[in-house]
Structure formats: structure tokens, C-alpha cells
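Before any comments, here is the structure.
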Amino acid sequence: MDPERWQRLSPLLDALFELPPEARAERLRELRDEDAELTGELEALIALEEERTDFLAEPITPPRPGVQPGTVVGPYRLDRLLGEGGMGQVWLASRADGLYQRRVALKLLRPGLTDTNLRIRFTRERQILARLAHPHIARLLDAGVTAEGVPYLALEYVDGEPITDYCRALDTPVAQRLRMFQQVCDAVSHAHANLIVHRDLKPSNILVTPAGEVRLLDFGIAKLLDTEVPVVEQTRTGVRAFTLHYAAPEQIRGEPVTTMTDVYSLGVVLYELLTDRKPYKLKRESDAAWEDAILFNDPPRPSQKVLRRVESDTAEDQTHGAELRRRARVLVGDLDNIVLKTLSKQPEQRYPSVEALALDLRRYEEGRPVLARPQGVGYRFGKFFARHRWTIATATMVVVVLSLSIGLVAWQARQALAEAARAQAMQDFMVGIFEQAGGAPGQAVDLRSLLAAAEARERAEPDRQPRARAELLGLLARLRLGLGDYQEATALLVRQGAIVDNARDIPDSLLLESLTLRGQLLALQGQARGCIELMQPALDVARNEQAQLPPQSSQFYSQLGRCRRAAGERQGARQMFERSLAIRRETPSDDAGIVENMTDLATLQADVGDSAAAMRGYDEALAYLDRRLGTGHRLAVDILRQRCALLRTQGEAVAAESDCQTAVTLSQRLHGGDTRAGIDARRQLAALHVDQGRYGQAQQEFTQTQAWLSARLGPEHPDVARNYNSLGITAWERGDFAAALPALAHAVAIWRKGTDHRLLAAGLFNQAMVLHDAGRDAEALPLLEEARRLRIEHFGAQHEIVGDTEWMLGLVTAALGDTARSRAAFGAAVALTRNGYGPAHPHALRAELSQARQFARAGDAGAVRRMAEIGNVPGTDSERDKVRWLARAYVAETRCRDEPAATQTELDALLRRMQAALPEGGAVLREVQAIRTACR
């Protein structure tokens, strides 16, 4: 069939399939009067659909030339056509470059299409999807332009069916349908928060996966509220961009759309979800009739719609009729009013936002008065009674039976006394520990000795109540964790867990506190997945109790978020951090918790390579901490340490050292440096010392911190591997390959057992770098190739850290004599590092310098001039110094054959300056010395 003809037939066929038989026949009669040939084709297609189960399983029109199954579009291979519309085609595609396996929904603008408006819509859809990151919205994975100039979008492939079909097929209960609709509201609310109106919400754009999770699709005609780009309302065929059956009155009238337009469309979806029918029943199925109904007719209440189905259904199906009557009873009242409020003709009469609609649905689920109906006294009292009927019944009985009332009061008094006695017992226990602490007069008492005494006394008092014992064990474990005594904390938390998990009268507050502490310990031990498995089942408890237990719930969310981050689940971690931060902002006394979550969110930005956003987050957290809690707070140690690490990656060595030194000094003043935060700050400062050529000082720090980490975390912990890696790099800079290579290999072996591929890739890179310097390039090459693959999987092929790996690949392949591959690797390294870090960053200059040296050796005079320019780049940090020194040495190397004496003199002077700046030597100094030796 001709594609243009099919484009005319397709929307008419879709509309006819949605009509009942009588209405379909009437519509066909109308169409026959207008176009008899067209009607004949439609009747033939309808007959095929009734005869064959695989009708339209394959596209009725062949794909346009150049777009066939098997065609490669960017890094994707087209498998089969999923569908097509006025704007483009959607293909099921898979990765074609072999980097990893993934199926995507690839959206292509129609090949050969010249309609500017549709290209604007396609571009806008890419911009819109790039803004959205929500678990219930199909994600944008990639975007690009084919070699023929056709733009494409790679979207998350959702294997599901429309929400109404899903619920109808499984006969889903109303409560579950409402829960799925809440997921839809959350997704639309996220879009609105990003100033995006979907404008085409309908069941076919709301899919449900086999696991029951909702995914919102197709932002092709969505509107950006913060842009002045004109909105395209029609396709090139003159057909509306939106779907008529789900359009709001203002869309039909051509008025400006707002977020309340999506509220109306959600109301139509909710109506159909609850009744399995559309809101309007027309005598004649035509676009004009639909427009008239949407603009002027009021739909029947959903409960009435369901009851009419009972009357119209056959009397034989008694079971189905009874189910429909039960559903109608559920819909009567609040749900009727909620749905009809969303379908108000005037936008101002609807819910003001999707959040307001979702909130009213939650009120309904919780048995509270909804805002969609008048708040009369009788209605509110009825809701209150339904919500608290057992409490009211109990109160009535208490009034009638005075003796029960007295007994209840007495029981409450006993509970209050017991609670006060428990608190007093805890206080007496701790006071007694301090009073019995032995020590000479005027001599400070060691905290660990106090804790050991407290633990011994706790074991010696077996008659203590389970709840009181669990709380005491939690307190002692928290103190042990603060001191870094992880083995002692483990023993305490194992005992507490046995009580909390088996006792019947443990309150939710103690349960959440215990799980948070146990999760924190697992995370510190490198068991992020175990932490998630422990804490995840209690997520509903935290959610249900967060209003009554804000401190415990926010701490629970924060720790679960940190475990998810450590396991690589960044989106889930962000949700936990944001939820915790929202609770803590409503609790004025929890300023420290607010700072912790601000730091957590900034660290997530650093994880994905958004250094600017991460630095802003750290600065805001530090400023908030200074204003509320003062500059000498313990949280400042970790914030300064993370700022130091970020500044170091950006080549800002002076500022990084200032932050690290401040963090170490503050840790020493607060805790004597004997805490995890203090140890991490010392390690970061030692890494800076390596950059600055102070290898002896760095090795001393790394050796001391290695003992602390191994004793508390165990020999196989990922952070212990970090320290092995640092010791290996320090030994390499000093020229001790015999010590460097085993340390780096040990670090890689530990990281291979974990799940953090970023660490493994970094370890492989360092191991290959040292092997290259040792002249063992054949061993270095497979390590670098593995590191490159891991970094592409984690960061994407265009990330600057992949450019660093390409630079080292260029050095190794050049040493192995593979000039073509070396040049390609250097070219990629220069492009990626310049684009990611910036052209003046030391890593970008380093890549460009290596490329220029290769061209200079081939006689390229321009490359020599570029090396000379790099040798004079401005900047005072140590990394730029190293690049400048190497550039000057490489320029001298090119003159060695023609002017050996002058070149040797120049290299000798350069070496004297380097030795003054690097008295302990280093890899760069060794490289320049090798150039001097070769020139001799």
C-alpha cells in the first residue's frame, strides 16, 4: 500500500476499532457518502482484523528506502518496526558496536521529511526528555543524527501494554488501579516540575510492564513552559497533534494550554480506568460529535456508568454483574466527585495541579475528606467516624462501662511510669559507668575504656528488659562506630538485631534505628548490596511513620540512599536523599542532618562527572554549616575532604591542598584524627603530596592509614585496596617498580571481587601506566583495553575520563610499534579531554603534547611549534609544571641530532630546575633524564 494512502487510512481505522459495532456501522455509512473507495478499503481491513489474529503484526506499508531491518543508525541496529505516526517511526533496536547489550526504542524522524514544524517538534522532544529523570518516565538514553541527516532518539524500551488494557485483562481491583494511577500522577508531576506539559496523555502513552510498573511515554507534542518556541498543533496532513478523545476543552478551542490541560486528560484516563468506558457516549461517532461532547456535555458519574453496564450486559453473566455492582458502590461518592472535578470544562474549576489531584486520591485512600466535594459537617463527621470507627466504639464502651475507663486510665499511667523508669535506668547506667571509671586524679578517662566497662556491665545484668537492652546496645554500637571500632560495633549490633528481630513489643522507632545502624556498618564494610537487602523491606515502615518519627525515618532514608549509591543505584539514592532532606527541612533542630543530605546530593553530582554542580553543592553545604553550627563542626571534615578531591581532579592543586590541610587539622583538633573522616582526609592530602613530588611524606601517610584501615575494615575491603593503589603509585614515582607493581596488582584483585567498576577501571589504568614505564607494554595493553571498556560502560563514550585512557593507549601502542592505532588513540584523547576538562586543563595539555611529539618525530614543524607553546602555558600548579617541563624536553629532543651540545646544555639546565622543584625525583624527572641520556 502507498505510504501516503496508509497515512490517511490509519487514524480512521484506529477510530473505528474503538467503536461498538452499531456505532461503527453508522460511521462507515457517513464515510461512504464522503468517499466510497476509501470506505471500501476500511471495510476490507476491518474484515481482515476479524478473520486473522496476526492482523497488523507487521507494518502494512514497507519502510521508507534506506530504513530497513538491519540498518545501522548511530551505534544501533534496527530490528523491527514497532509503530509509526505523523512525525516518525519507532523501531526496536539493539546496540551494534558490541560495547554492551541493550534493547532500545529508536525514534526516527520520517526519512525524507522536510516539514520544518515536525523537525522542531522532534528537537523539542529531545530537549524535554533530557530534562526528565523519573522511574515512571521512559528515559532518553541517547540522541544523534544519521549519516543521511535524519535525527533519532534512543529511548528506554518498555515491554508493556496500555494501562486500561492491562487492568481490563487482569480485572485489577480498584485499589490497585488507583495505586498505578498515582504512579502516573508522580510522573506527570515530575514533568510539570520541570516546566513541561505533556498535552497527549492517553492509555496508549501509559504502559504497564509485566511487573506492574507504569511508564509514561511520548513527549512528542509536549510543551515547554519556559520557552518561547512556537508550539506545533498540527501535522503536515492537517490532523491534530493531540488525541481528540482525551483532549481538554481548551485544546479544542485552540486556547493556551497549561498544566491543568494535563489534569483534564488524566481525568479522562482515570474515568476509563475505573469504568472501562470513555466518559461520553455519542449517537453519531464523528470528530464533530466528539468536540461537541467535550465542549458542552457533562459526563455521567463513573458509578452510574458502571451500573449502566450492568443493565446492558446479558443477564446470564450473574458473577460479572455482581462484580460491577460492587465496583459501582466503591465509586459512589468521593471517587465520582474526584473524577468529575478533573473533567470540569473550565480549567479554573479543576484541580490546580496534578499534585492536588494525587493528594485528594491519597485522602480518599486514607479515609479522609476529599476536596472534590462540599465539606459539610455531616460529611466530615461520617469520614471521621469511618476512619476512627473502632476508636469511637471503644470510647463509647468506656463511657458506658465506667470500670473499663478506669482500667484504661490506670494502664496508661503504668505505661508512662514504665517509660520514665526505663529512661531513668538508662541514665543511671551511664552515670554509674562514669562514676566507677578508674583513673588517677586529674587524669582524663579513655573513652574506649568506658565503653568496655559499659559493655561488661551490660552483659552482667541479664534481667534487663529486651527493649531497654536493645536501646543500650544501640547506643554503645553508635559510639563504637564513631570511634571506628567496627569489630566491637559488629558484636553489639548482632546482639541488638537478635532482640529487635524476635521481640514482639519493639516499637517502630527502635526498629528503624537498629536497621540504620546495621546498614551503616555493612556499608562501612563494603557490603552495599547486603545493606540494601537488610533495609529495603522496612521502607514501608519508614514511609508510614515519617510524620510521627521524623528523626528515625530521615536517618533510615539517608543510610539506605548511601548504600544505594555505593551499589551504583544513583537514581534510587537521589530519591532517598531528597526524601530525607524534605523531612529534615521541616524539623528545625536537625541542621546537621540537612548538611549531611546536601553533601550526599553534591557527591551524586560528582559521581556522574558534573563537577560544577558538585562544587556548588559542597559550597552550599559548607555555608549552611557555618551559619547554623559553626566552622568547627565535625561534618566540615568530610565536606572539605570531598572538595579537596574534586579540586584535585580539576587541576587546582593549591586550593585542594588548603581544603585537605584544613580538614586534617580540624579532625586532629576534634578527635585526634582517629576517625574515618580524619583518615580519609589524610589519604587525600597524601595523594596531593604525590602530585607535588613529596613522595616520602606521602608514603608515610599511606603506610599509617593502611594499618588503620586494615585493622578496622579487613584486608579485602575496597578502601583498603584504594590505599594499596596509592602506595603503588607512590612507589612508582620513586622508581621502585618492585614495590609498585605488586601493590597495584593487589588493589586490582580486591576490586575485581566488588561491584564498583569505576574503581576497577582506575586500578587497571594505573597498573598499565606503571607497566608501560617499566617497558612491559605488551602486558599493559589488555589492561588498558579492559579499563577503557569499563569506563565507557559507566561514564559513556564521550566522557573525559575515557580520553585519559585513550592517551595511555596512545603511548602503549606507539611503544609497541602500532603507529596507526596510536595516532587514532591520541586524536580521541585530545578531543575528549579538551571537550570535557577544557583546553587549558593539564590532562588536555598532556594528551595534546603526546600527539604533537608523535607528529614532530615524523618531521612535522607545526607540531614542534605547538610543543613550544605548551611549554609556555600559564599556571602555577604542579601538574602544569610537569606538562611544561616535558614539552620543553620534547622540543629539545627534536634538535638533539643537529645541535647536540646546545641541546645537552639546555636539558641540563631544565633538569636542574626540575630537581630543585622535585628533590625526591619522580616519573617526569626520570623521563627527562632519559631524553638527556639519549641525546648524549
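Spin-label pair residue 897-residue 582: with each label point 7 Å from Cα along the Cα-Cβ axis, the two points sit 7.0 nm from one another. Estimated at 0.36 nm per residue, the fully extended path between residue 487 and residue 311 surpasses their Cα-Cα distance by 56.3 nm.
For region 601-643, the pair-distance distribution built from all alpha carbon pairs, in bins 5 Å wide starting at 0, is 6, 27, 31, 21, 11, 5, 0 percent.
Computing FRET efficiency as 1/(1 + (r/R0)^6) for residue 130 and residue 758, where r is the C-beta to C-beta distance and R0 is 25 Å, gives about 0.60. What fraction of the Cα pairs in region 650-781, stated in percent, has a spacing above 21 angstrom? Summing the P(r) of region 650-781 above 21 Å gives 43 percent of all pairs. For region 594-691, a/c is not less than 1.5, where a ≥ b ≥ c are the root eigenvalues of the C-alpha gyration tensor, and a/b does not top b/c. That puts it in the oblate class.
Give me the extension gain from residue 779 to residue 284: residue separation times 0.36 nm, minus the current Cα-Cα distance, reported in nm with one decimal. Mind dumping the intermediate values first?
Values: separation 495, 0.36 × 495 = 178.20 nm, distance 7.72 nm.
Gain on stretching residue 779 to residue 284: 170.5 nm.
Each of residue 505 and residue 366 was given a label point 7 Å from its Cα along the Cα-to-Cβ line. The distance between the two points is 3.0 nm. Let me make sure I get this right: for region 543-641, a, b and c are the square roots of the gyration tensor eigenvalues over alpha carbons, sorted descending. Under 1.5 in a/c it's rounded, otherwise prolate if a/b > b/c, else oblate. Which is it? In terms of gyration-tensor shape, oblate. Ranking 708, 751, 727 by how far each Cα lies toward the positive end of the dipole of region 706-754 (charges on Cβ) leaves 751 at the top. Over all pairs of different C-alpha atoms, region 328-368 has a mean inverse distance whose reciprocal, the Kirkwood radius, equals 10.7 Å. List the residues of region 255-291 whose backbone N lies under 15 Å from a point placed 7 Å from the Cα of residue 174 along the Cα-to-Cβ direction. So the set is 270-277.
Separation of the alpha carbons by more than 25 angstrom is noted, of 107/281; 283/305; 202/305; 305/341; 278/341, for 107/281.
As a rough guide to protection, the peptides 131-139, 554-562 ranked by mean Cβ packing within 10 Å, highest first, stand as 554-562, 131-139. By the Stokes-Einstein formula, at 0.692 mPa s and 37 °C, region 490-620 with its Kirkwood radius over alpha-carbon pairs has D equal to 218 µm²/s. The protection proxy used here, the mean number of other Cβ atoms lying within 10 Å of each residue, ranks peptides 288-294, 145-151 as follows, highest first: 288-294, 145-151.
When peptides 295-302, 101-108, 726-733, 337-344 are sorted by average Cβ neighbour count within 10 Å, with the highest value leading, the order is 726-733, 337-344, 101-108, 295-302.
Evaluating kT/(6 pi eta Rh) at 4 °C and 1.567 mPa s, with the Kirkwood radius of region 706-754 over Cα pairs in the Stokes-Einstein relation, gives 122 µm² s⁻¹.
Would you mind counting up the charge near residue 93? Only other residues with Cβ under 11 Å from its Cβ, with Lys and Arg at +1 and Asp and Glu at -1. Once all neighbours under 11 Å are counted, the net charge is +4. By the equivalent-ellipsoid construction on the alpha carbon gyration tensor, region 766-812 comes out with semi-axes of 20, 10, 7 Å, ordered largest to smallest. The distance from the alpha carbon centre of region 805-831 to that of region 543-598 is 45 Å, rounded to a whole number. By the Stokes-Einstein formula, at 0.692 mPa s and 37 °C, region 865-936 with its Kirkwood radius over alpha-carbon pairs has D equal to 269 µm²/s. Does region 812-936 come out rounded, prolate or oblate, given a ≥ b ≥ c as the square roots of the eigenvalues of its C-alpha gyration tensor, rounded meaning a/c under 1.5 and, failing that, prolate meaning a/b above b/c? Taking the square roots of the gyration eigenvalues as a ≥ b ≥ c, region 812-936 is oblate. With the simple model of a label 7 Å out from the Cα in the direction of the Cβ, residue 818 to residue 298 spans 7.6 nm. The convex hull around the C-alpha trace of region 490-547, projected and averaged over every direction, spans 4.0 square nanometres.
Between the beta carbons of residue 872 and residue 68, assuming R0 = 45 Å, the FRET efficiency works out to 0.25 to the nearest 0.05. Placing +1 on the Cβ of every Lys and Arg and -1 on the Cβ of every Asp and Glu, with nothing else charged, gives region 260-372 a dipole about its Cα centre of roughly 300 debye.
Read-outs throughout are calculated quantities, based only on the coordinates presented, and are distinct from any laboratory measurement. Note that this is a predicted model, so its numbers are computed, not measured. Cβ sites come from the backbone with ideal geometry, for glycine too, and all protein chains shown count toward neighbours.
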